[in-house]
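For reference, the structure discussed in these notes is given below.
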Amino acid sequence: MIELKNITKIVKSGSEDLTILDGLSFTVPKGEFVSITGASGSGKSTLLGLIAGLDAPTSGDIIINDKYINKMSEDELADTRSLSIGFVFQSFHLIPSLTALENIMIPLEIAGDSNARYRAEELLSDVDLSDRGHHYPSELSGGEQQRVAIARAFSNRPEILLADEPTGNLDSKNGSHIFDLMTELHSKSKVTLILVTHDQSLAEKAERRIVLSDGRLVSDNRRAEH
Amino acid sequence: MRFVFQLSFREFRSSWRRLLFFFLCIAIGVGSIVALRSLVKNLSHAVGGDARALLTADVSIESNNPFSPTELGTIESVVEASGIATGNNELLETSAMARPLDSVESGVRFVLVRAIEAPFPLVGDFKMSGGKAFDFTLLKGNGLVASPVLLEELGIRIGDRLKIGEKEFVIRGTYESEPGGSGGFQLGSRVYVSKSTFEQSGIVENRSRVRRRLLFRTSANPTPLVESLREKFKGTPIRIRSYRETQENISEQFEKTEDYLSLTGLLILVLGGVGVWNVARVFVEQKRKSVAILKCVGARGRQIIAAYMLQIGGLGFLGGLFGIALAQIALMAGKSAFNDALPADMTFNVSWQAALQGLFLGMVISLLFSALPLLQIRNIKPNLLLRDDNNDKINRLDPLRWITGLGVVAGLLGLSVWQAGSLLVGVFFLAGLTIAASVLYFSAWLVVRSLAGLKKAGGFSISQALNSLSRPGNQTTVILLAVGLGAFVVIAVNSLERNLVREFDFSRNQRLPSFFFFDIQPSQIGEFTKLMNGKLGEKAEIIPTVRARISHVNGKPIDFNEREVREQQGQIGREFAVTYRDRLDDGEELKEGYWWNEIPADLPQVSVLESLADTLKLKTGDSITFTISGKSVTALVANIRKLDARNTRTVFIFVFRPGVLDSAPKSFAANVLKRLPANDRQRLQRDVIERFPNIQIVDVAEIVAVVQKLVANFVLAISFVGSFVIFSGILILIGSVSLTKAQRIYENAVLKTLGARRMQLSTILVAEYGILGLLAGLIGSSFAFLLSWAVSIFVLDIEWSADPVLLVMGILGTALLVAGFGTLASFDVLFRKPLGTLRQQ
């Protein structure tokens, strides 16, 4: 479970303080699929980064499975990301010097998994890229790169998958393919999925929709069960 | 750990091209160190290994007087008591003039005569031309064996007659190699005659000019024997040497040379280190995103640093291996360049000790210089993937970077001290390097800042070029530092060379005699002076000389069993030609004490030249006991003299008060100033030798030619090393250009989109590197002249003058080099289509 208690994030913009998140509090139960939407600059990506421990809040607490993320050292955060959290970015962020297969292997190797290669090949097959494993990111299309990024995010069987505009750099066909892939993996592995997106149609498919505006939570609705 | 290794391997696979310059920087540095160390080691082996052969025995007992029966008895009993002597002989050595009798036209030559008896040599090889072993029958009946060079110089053949002193000899053969070889600096070539013929011949009238050597071969370490002989002959002019000490001295000299040369190599390696630092800095900058991704998927900062460290250490190792290969190539090149000046049996292979040192140094320098840039990885936050706002923070100097910085300095100091073999030299080297680099860096920074004001002065291209030199992330100061340092070394060496060559320019010093004549007997003075007057129209300067050795200083005998004293054996143990006069010579002045004309004295007095007074730590009032023709003469040091070597005809270390040496057997030396063409010089020597066969002549022009050749070889060797420095500088230049290439490509794409023509872009490129080269040349040349001046005045004590042609050539040469290489390395940028570049941004 993810708990956010009164999260505030203030950054310096020139000589002025800029409040990006302002007293945000909500809880995400294990296995839930949550979408976060909002206008540009509303603080969606910052929020996702704080949950992943990529940055620290100015005030407030982030608690994942009873552990305070904001009180962890850099090494503890690294371990948490390695074992519990997967992240998918809008611009994929694959390591250009590694092949597709090696990019997927990296989190497994960091965690000391002796079957890293076997597991990575399995994941490549899950995202339909078995024949592209030896290709470098620059040799893959945007959609293919994002599929590799998703496979990498799922490699350590995380409890939480954070996706920041995963379809934002893709055409509609590739976008829907990626979305389907994520939701399919979500339902198969029962991970908590938090998706930041501009795309209202994708956001509506989530079990729960959170809307941010100027760093504040303006709406938090669960979809009615069919 | 496995992850670290795997990441390191994968990163290496993809980044090796980018790190190629890093690799080359290390290779050049390691190559220099390994080549220089190996060269000296091989030379030391070739010369040091010959120490026994050079002595032709294991122990040598030497005197300039015939050994008395008592002395011979003592030697015999000590040697017998040691029980290690397995063979002995006596050898006599002197110098004399050789004159062919069968060829009227040929000149005369100064030769070193060695009179030998069987068995000879006790140690070493004596091989005749054609490969046959030396045979004593060749010397029977006035036979003589000479070097082929002497025959060639005199234009004579085997079978011809040669007159040496008063004696005629027949040349029976030439030798291919004599014991100990004939390398090194010697005034004349050696001729071999039999000892019995020599003793009957009266080659030299002055018997004290003959050095007698009793030689022994031993079956065990001769040191105890040498020590007990020295104890017996303490305070006498008899000198005892063993090949072990000679070897020890030679090795020590070579070790020092090797250490100092290695510092030159270390300088090149440190310059390579600057290249490494630059590459690592830009590498980390370019890897920021990858580092953030790795951190995002759970990698720890130190794991990533370890992976890159491993990669850099590995590259340092590979660079080192390549450097060793380069060293081998350089040694072979050295062989072809300096073959004549090096011993014939010298090998030209890389020494494995030098290779191991080079590998180690390459890796350590790589790690030391990349440590600080790599530590920036700790400050790269994974949220950079979401918001790129922590760029400034990665450069901040936190406590760990300070500590690491200090560690790097300590590491460099350790390496310098290790390579120099001395704490003091190591500290001075690093301090000098730091000061030179700081001054160059600061000058570069200052010049770049002042350029900003010139932007408006030039047209579009010049102002764009100046803009490029100060763009964010520019490599201007790094290039100025690296190339400036290269130019600095090369121009400094050239400037020193020119001043050295000028110093040895025979025609400049009007007071440098053209001929020295020795061993003129008192009865010959009148006729000799007349001959000189007739031939040259010049009155020769005639100076009385007496041969003396130092036996005691302040009543304490010179003890060559003491190591410190033994190290100065060549300087203080030798025989000195001393004189007496009642006035200071031109070019001399008193440094300490008074001249004897001022105060009468009852005791003998002597004036000592500053250099030897320093060696012997003498001050006025001290006493020196000399052995002159077997008799002891004790004199008080009345004064210490300084000498302007450029303005004097003769140099005497010891000058006595007139009267002291009245009863000593003396001969006279003479010198004349008139310059003569080569043929006339030979004719004059012939005339002198025909009339006075005992007189020895030194043709100064020949010595000057030898010295000039030595200086030229020295300069060539230093320039060879200097070219490594400039090569490193160019590598760093090319590396720096390629590091900023992406930015240049983008800027050119934008300029092309805005309508800039290819010609304008080319002009910007050439102007940028032209300006950079001019500045590097200017900074390098200025400091080079400063260094050359300081070394000339304070170290070599020679006159210095600035050479404007060299200055202009230095500045323009550097500018052309930088403009050429800089433009070539970025020329392809001009031909890229802008759209592709702009799309990628």
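Bear in mind these aren't lab numbers, they're just calculated from the coordinates by the rules spelled out. Since the structure is predicted, the reported quantities are computational estimates derived from the model, not experimental observations. Here Cβ is always computed from backbone atoms with ideal geometry, including for glycine, and neighbour counts include all displayed protein chains.
Counts of other chain beta carbons within 10 angstrom of each beta carbon in peptide A:89-96 average 5. Using 0.36 nm per residue and subtracting the Cα-Cα separation, the extra length available between B:Glu176 and B:Val501 on full extension is 113.7 nm. Charge dipole (Cα centre; +1 on Lys/Arg Cβ, -1 on Asp/Glu Cβ; no other charges) of the protein assembly as shown amounts to roughly 1300 debye. My understanding is that a pair violates if its Cα-Cα distance is over 28 Å; which of B:Lys163/B:Lys666; B:Lys163/B:Lys535; B:Lys41/B:Lys132 do that in this structure? Going by Cα-Cα distance, B:Lys41/B:Lys132 fall outside the 28 Å limit.
Neighbouring Cβ atoms from other chains, within 10 Å of the Cβ of residues in B:282-293, number 2 on average.
What number comes out for the charge environment of A:Gly38, summing +1 per Lys or Arg and -1 per Asp or Glu over other residues with Cβ under 10 Å away? With Lys, Arg at +1 and Asp, Glu at -1, the net is +1. In straight-distance terms, cross-link reach from B:Lys642 covers every one of the aspartates and glutamates whose alpha-carbon lies under 16 Å from its own, apart from those fewer than eight places away in the same chain; here that gives B:Asp585, B:Asp586, B:Glu588, B:Glu589, B:Glu592, B:Glu610, B:Asp614, B:Asp797. Between A:Asn65 and A:Tyr136, the FRET efficiency estimated from the beta carbon spacing at R0 = 41 angstrom works out to 0.70.
Taking the helices alone, chain A has a mean residue ellipticity at 222 nm of -10000 deg cm²/dmol, built from -39,500 (n - 2.57) per DSSP H run of at least 4 residues and averaged over all its residues.
Helix B:399-420 and the longest principal axis of the C-alpha atoms of chain B enclose an angle of approximately 20°. Estimate the FRET efficiency between A:Ser201 and A:Glu121 by the formula 1/(1 + (r/R0)^6), using the beta-carbon distance for r and 30 Å for R0, to the nearest 0.05. FRET efficiency, A:Ser201 to A:Glu121: 0.35.
Ordering B:Phe656, B:Phe126 by the number of other Cβ atoms within 10 Å of each residue's own Cβ, fewest first, gives B:Phe126, B:Phe656. Taking every residue in A:53-65 and counting other chain Cβ atoms within 10 Å of its Cβ, the average works out to 2. A straight line joining the Cα centroids of segment A:67-92 and segment B:88-153 runs 89 Å. By the beta-carbon count within 10 Å of each Cβ, the least crowded to most crowded order of A:Asp66, A:Asp113, A:Asp17, fewest first, is A:Asp66, A:Asp17, A:Asp113. Annotation: aspartates and glutamates with alpha-carbon distance below 12 angstrom to B:Lys741 (same-chain offsets under eight excluded): B:Asp828. Compute the long axis of helix B:758-790 from its Cα atoms, compare it with the longest principal axis of the Cα atoms of chain B, and write down the angle in degrees, 0 to 90, nearest 10. The helix B:758-790 is inclined about 30 degrees to chain B.
Relative to a virtual label point 7 Å from the Cα of A:Ser40 in the Cα→beta-carbon direction, which members of segment A:130-171 show backbone nitrogen distances below 17 Å? What the label zone holds, given the 17 Å backbone N cut-off, is A:165-170. Cross-link partners for A:Lys5 among the lysines, with Cα-Cα distance under 18 Å and sequence neighbours closer than 8 places in the same chain left out: A:Lys30, A:Lys44, A:Lys67, A:Lys71.
Taking only the Cα atoms of chain B, the radius of gyration and Dmax are 33.8, 105 Å. Centre-to-centre, using Cα atoms only, segment B:642-676 and segment A:185-217 are separated by 105 Å.
How far apart, in nm, are two points set 7 Å out from the Cα along the Cα-to-Cβ line at B:Ala333 and at B:Glu589? Spacing of the two 7 Å Cα→Cβ label points: 4.7 nm.
When the listed pairs A:Lys173/A:Lys205; B:Lys127/B:Lys709; B:Lys539/B:Lys591; A:Lys9/B:Lys295 are checked against a 19 Å cut-off, the alpha-carbon distance exceeds it for B:Lys127/B:Lys709; B:Lys539/B:Lys591; A:Lys9/B:Lys295.
Can you put B:Arg10, B:Arg581 in order, fewest other beta carbons within 10 Å first?
Least to most surrounded, the residues fall as B:Arg581, B:Arg10.
Straightening the chain between B:Arg2 and B:Val149 buys 46.1 nm, computed as 0.36 nm per residue apart minus the Cα-Cα spacing. At an R0 of 35 angstrom, the distance between the Cβ atoms of A:Ser91 and B:Arg757 translates into a FRET efficiency of 0.50.
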